[in-house]
Amino acid sequence: MKYESATGAEVPALPESLQDMQKRLAELQQRCAAQLSKGPSLFSSLEKEIHLTFRQLADRFSAALLAHAASSPALDAQSKKNLPGKPA
């Protein structure tokens, strides 16, 4: 499974996805803390960046969950049962 399109980057396995999320959140925390130390008036722009980052992470985690589910033997067996034209 790939992100965004058939030519996009491969969706990593769940453990790697979680590690990537942790890394991105740690980087975001450092970046936001550094910006806020310059002045609390920057918070509104940082809040937008925080929300955007979490939406992106949610999308990536959802893709990783779908890729994981799609690779399960149970899903493969279920999909073969539900082929068009095949009796249930």
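Data table
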| quantity | calculated |
| --- | --- |
| Neighbours by Cβ (under 6 Å, 6+ apart or cross-chain): first from segment 38-56, more than 15 Å from A26 (Cβ to Cβ); second surrounded by 11 or more Cβ atoms within 10 Å (Cβ to Cβ) | L42/Q35; L46/C32; L46/Q35 |
| Number of positions in segment 1-45 that are polar (S, T, N, Q), at pLDDT below 95 and over 30 Å from A70 (Cβ atoms) | 5 |
| Residues within segment 1-53 that are exposed (fewer than 10 other Cβ atoms within 10 Å of the Cβ) and of a type in the set (V, I, T), tallied | 1 |
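The values are calculated or read from the model by the stated rules, or taken from the named source; none is laboratory data. Computed from a prediction, not measured in an experiment: that's the story for all the values here. Reconstructed Cβ throughout: ideal geometry from the backbone, glycine too, with neighbour counts over all protein chains shown.
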